[in-house]
Amino acid sequence: MEFPAVLFPSYFGAGPPREEGGPALAAGWGEHGQVLEGSPGRRQQAQPGFVPRRGGTGETWNPAEVAAVPVLPPSAGRWIPSPAPQDILYRNNVCWKLRAGRSGATLDFAKQLGHFFEDHPEDAFGSMGRLLHKNFFLGNSKVKRPARSSTIRMTALMQDIDRLEARRGCHQQHLASRLRWFSHLCRDWLFEVPLGLLADCLHEELLLQWSDLLFDDSLTGGALAWLPTGDTGSRTGRLVYPGGQAMNHLFFQDIVVEELPRARGSPAQFELSGRIRQVAAARVDGEDFVGVRSDYHCGVWKVPGRTGTAPAPLQVIHTDVPASCLTVSPHLPGELAVCTQSGTVYLWNVETGLQQLRHEPQTMFFRDHSPWRWSDFTAHPRVLSCADRTGLQCLDARAPKKCHFDLFKVGEEAGCQQGERVVLPMYLGRAHPSQYLVTTQFSMYILDERLPLVPVLKWAHMMKAPPLFAHLMPGDPGRTHKVLLGASRTQELLLLQYQGERWSSRGGSQSACQLAGAPQKLHSIAGCLQHLPTQLPHHHHQLQQRLGAPAAGLAAMLQEDGTCETMLVFQLSEAGDVFCQRLTHETAHPPAPTSRDEATTAPGSSPLFEAPASSPLGLGTAALRYHRWLRALFRGCREATQHSLPPSLSQRRLFTCKELEGPTGPTALQRQVRQWLRQVMQEGGHIQRWEPMALQPPPLPQPPEPEGGPDLLSTRLTAAWSGDWEQWWEDRTSFSMAQRQRALRERRRRQKQTRGRRSLSASFTSSLTYQSELSELSDAGPPVLSPGRPHILSQEGSPPASSPPLPGSPLASPAPEEALLSSQSLHCRGIPKERRKTLRDYLSVWAEAPPEPPELPGSQASQLCIPSSQSQLSSASQTRRKRPRMGF
Amino acid sequence: SSHEHKLNFKRSKEACLSYIQDAMLQKQWKRAAEFLTFYVESLEKDYSREPIGPSEMIWRIGTEILCHHSRSSTKEFNCFMEQMKTLGVKRYLKVCLEHVFHLLCNGQIDEAYQNLSLAESWRFGEQTALQDKEMKLIQAYRGLLDYYSWSKQKNILLEHGKCLDGFADLSVEQEMHSCFRKAAMNLKEIIKIPGVWDLFVKCYVDLLEFYGDHNEACQVLNEYAYNSKFPANPNAHVYLYQFLKRQGESKKSLISALKILHDIVPSHELMIDFNTMLQKSKKRKKRRLGLEVIFAALDYAGWKENVKAWSCLARQVKQIVISGKHLDWIKQEWNSRKDWWPAFHFSRYLAKRNWQENKSLSYEKALVAGILLGKDCKYFKYVSHQGCKAQVKRFRMLKKFVNRHNPVYLRISG
């Protein structure tokens, strides 16, 4: 390849960057840079013609649609969005904090720690909680004198916390003394994991998440690749992209390019053991080699060029330190370059294995904290480039220690700004064998390895986020090369054109690199939102979140179809959606460019969903695509949300009809109870206490042996039910504790006698009250009978036949239901233990429901509220807003 | 309050700018122009301390819009530029330079020259380092334009010299000499500063050569090529080589110039010339270097399908094989390449493609492959088979030659 005969003039200085840094919005406009004599052949005849370094004319590519269009149906399964700034930052100062950058942000550490305690109470407080539970009172009532010495009323503390929360932001914060006292008392021993250690870990993780949020370099290179099949003119190709809930499935999808690309057949799928960060591809000898990078694994696949052939995995390597780069050699089959964050560069050959080229934890030209490293191939198959944030070096794989040279340096040599850092280097071999693209957060550079350190082209790209993805579409001789730059967080896409050849087809010598035409912004995925039909607010929000997900990859293809040339640009989002946009090449300049595009992009108008007059189908294909995609998305979301909601109230879903159907007819007990109820109602009295002892006790089933260690709660309940709960309790606790308990029970009974019936509501909200009540009941001795108590029930084993129950009677209905709730009856119906738990969860929903059964016997009430404490917690954690997973 | 006012103003300014930016990136120049008229207000209350202030923004954006707007005219553009020059002292030279570039690209050489002269006479207090650089560039471009008018007059004179004589010639000649003086003075200045000055160096050397100052020209070119403060520009060595060639310098000096170019850029296109030159040499060392040069050039992806280079290699390899001497040269070169050249150059896929696309390329490559890898190598087998099938005589000869010299392969690879 020839070297340009004349280069554009430029100064060359050495040293650190002198120019003061900072992103500037308009820095890339209005400059020609330098000029060069364009055509020396014509000088004799007339004036010399000059060509500018920037500002020449480029090709015109017009977007065919007003928005990017989904290529594939939305991925199944619920997508978990990555944390947003408002999840991590303290309060609402998100906007300006983001701009202020790393230093200005205040991370909401306390909120995240609180989330941990609420989500993982067992891990946080497990053993202490078990030891202390009788000293914490969760009821609303006052704690009476004798118990007060050893019991804390937690509701009061909670109120204090709420009050504190409400006063947040107030300058004069007075900590409630009770809270301060409590925290002083407990801070050192209450936590399962030492608080300091936990806080350190959490803080570290928060910082990591925040820096990822500011700039996540693990995505560098992008995880989307387009493999054309066969010749360049073919209308089919393969899209390689990650998918699945954890983005750990690799898909190879055949695509047919019609007006819009369309999937053909089902994709070849591979499940990997980590989140896919990068997919790199190169074609060697008619075969595509696809490298896939996740944090600790890199793999390579071979895809034969012919259609219909399955991709074959070749090899996988495992790294101890996360890999930061994987590139595939465009020269030799099965050769890749791998970099890890420890500063090691490997040349990986599928046949001969790994060859370490360099191990250098320090950055090359000046000190920078980032462990990011990159490597790519150059014009020489044995020479690799190595990059860190400070620049690029080329080294020879045959003698990596000795033979190397600097290709790019962040410094005065390239006219860099202060604070500028390398973001993505890319070998432009398909356009020109010795050219290289380097992007920084401010500019893009094109370098020629034959003239190192001096960029042959430099341009301030003005993108809001650093370009992490780039894609090259080489042009034929006489045409421009197209480069796409893509950013992750802002989803920006920029199309640039450059050329390194003369326009004339006389085969004149290579001319210096020029940027051709104005840069062009392409549609981002989120940009389609304004063109979509109006959605229900929650759907709109969902869509906004989904479409606004950071971009994760970029691919493109050029296609020639007779006279019409089209460019297809694919964009992958972190949610796993692949969107596509089509651009058409305008060969001749139209006489008067209509302001069609200027009008259509104004917000509000949505020509995407208007029927174009020219189309016979009514709605355009793009609109149809969208309809389908939206429908599939919302269907998927609905299924997902149903899955995560608390159990529904319909019993039919929990149990089959058969299971619900009891043994034929009501049992003797049920009949008795009904009869009794009826009698009491006739008399106008009320039942103060069920008298199970007085009734014929139902045949007790042998308590089931719990598998894998007895569950504390269920063994206790079984003991209580069979009557030897006292014994059980004695076994469990020391004597003194039991004594104290008895005193408490005694007091409670007296209290109850004076007050009458106590409300049940407290027992619904706390398991502690339930416990005390349970103990009270079980060792209450002979029950105090109410005066209105029917005598008939005191007869043991009285035949129920005397008063047959009325089947349609509304009074009769609660009885079987109550019977259903006892674990024994569940057990004798053959309902397995897990199902019983589900049922209890289901019942917990009742626990929150305001109307209470007016008068329920204590024993059944205690049955009812068994699961309340735990299920309440679980339902609460489900209904709370989704929060970022912090890696717990 | 005033603070709030400032904040609001700043916000709306930013919003306006982002609208402009958005429109421009979508090539909606009209819309951008409308927004820019609002943005001009930001000049009035410029509280910003950013590196690029509103006046520079307006200059940059306005220039870009005027370059693309369908209804902009040259007159409007010049008018806008004049206004922009007065807007900021610090940027005066930069704006001038860009204006000149625009004029040059539109073929308005005379206007450009006027602007350059005007800018050169501009003085304002102490100059910053940046302004100093810009001033030097302005002078250099003026020198360049002087050079062009010099060369124009030179051509007139050369044409006229054949048929005319008299006073007219004298004035033209005088003007030509004054152009020379101006051009030489300005061009000489800039090429002293480290940088890439291909254009200026070429012109300056042309001037010097015309007036017979070969020593000066040689010195300038040597300085440009070998001064370590300058970037390693391959063109500097190319110019020196071309100059030496024009001067009819000895082979030795030509070779030493090219040797340095080979060390910097082994993939330079002049390596073919270098190889032919070395091959013709009688010295063993030089022929050895020639083999090295051509092997090194063919390492690069850009040379993969270069017929000239492959025929150079094939010729030299064939020579060595026939003579039977210096097989160790090939062996040494091959040693560092044998693990990757077969996949890089001699795969079956490439054999097929080269045969389809370029028969003579596949002939040269097959010869090299046959010698380096033996007669069983995929590339050679495929090409010779196809060649024999197509009844091409030279392919049959090739097959015979390789078969006869197959033991060479064993010695090279052994």
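The table that follows gives values for the structure above.
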read-out	value
In region A:253-321, GluC sites (Glu not before Pro) in a DSSP loop with at most 15 other beta-carbon atoms within 10 Å	A:Glu258, A:Glu259
Under 12 Å, Cβ to Cβ, from A:Arg264 - net charge with Lys/Arg +1 and Asp/Glu -1	+1
Region A:129-148 versus region B:231-289: alpha-carbon centroid distance in Å	96
Two-site label geometry, A:Arg628 and A:Glu730: point separation in nm, points 7 Å out along Cα→Cβ	7.5
Segment B:Leu170-B:Ser281, extension gain: residue separation times 0.36 nm, minus the distance between their alpha carbons	35.0 nm
Among B:Val307, B:Val40, B:Val196: highest mean-square fluctuation, GNM of chain B, C-alpha pairs under 10 Å	B:Val40
Cα-centred dipole magnitude for region B:306-413, charges only on beta-carbon of K, R (+1) and D, E (-1), debye, nearest 20	440
Within a Gaussian network of chain B (alpha carbon springs, distance under 10 Å), most fluctuating of B:Ser336, B:Ser311, B:Ser347	B:Ser336
Contact order relative to length of chain B, as percent, for alpha carbon pairs under 8 angstrom and 6 or more apart	6
Extreme residue, positive dipole direction of region B:306-413, given options B:Pro342, B:Leu372, B:Val383 (C-beta unit charges)	B:Val383
Cα→Cβ-extended label distance, 7 Å offset, between A:Thr621 and A:His318, nm	4.6
Whole-Å distance, taken between Cα centres, linking region A:670-688 and region B:79-111	104
Cβ-based net charge around A:Leu392, under 14 Å, with every Lys or Arg adding one and every Asp or Glu removing one	-4
Region B:306-413, relative contact order [Cα under 8 Å, separation at least 6], %	31
A:Glu204-A:Ile80 FRET efficiency (beta carbon distance; Förster radius 22 Å; 0.05 resolution)	0.55
Spin-label pair A:Asp711/B:Glu223, simplified geometry with 7 Å Cα→Cβ offset, distance in nm	9.3
Test item: A:4-15 mean partner chain Cβ contacts at 10 Å	6
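None of the figures in this text is laboratory data; all of them are computed from the coordinates on show. Given the structure is predicted, the values throughout are model-derived calculations rather than measurements. Note that each Cβ is placed from the backbone with ideal geometry, even for glycine, and that neighbours are counted across all protein chains shown.
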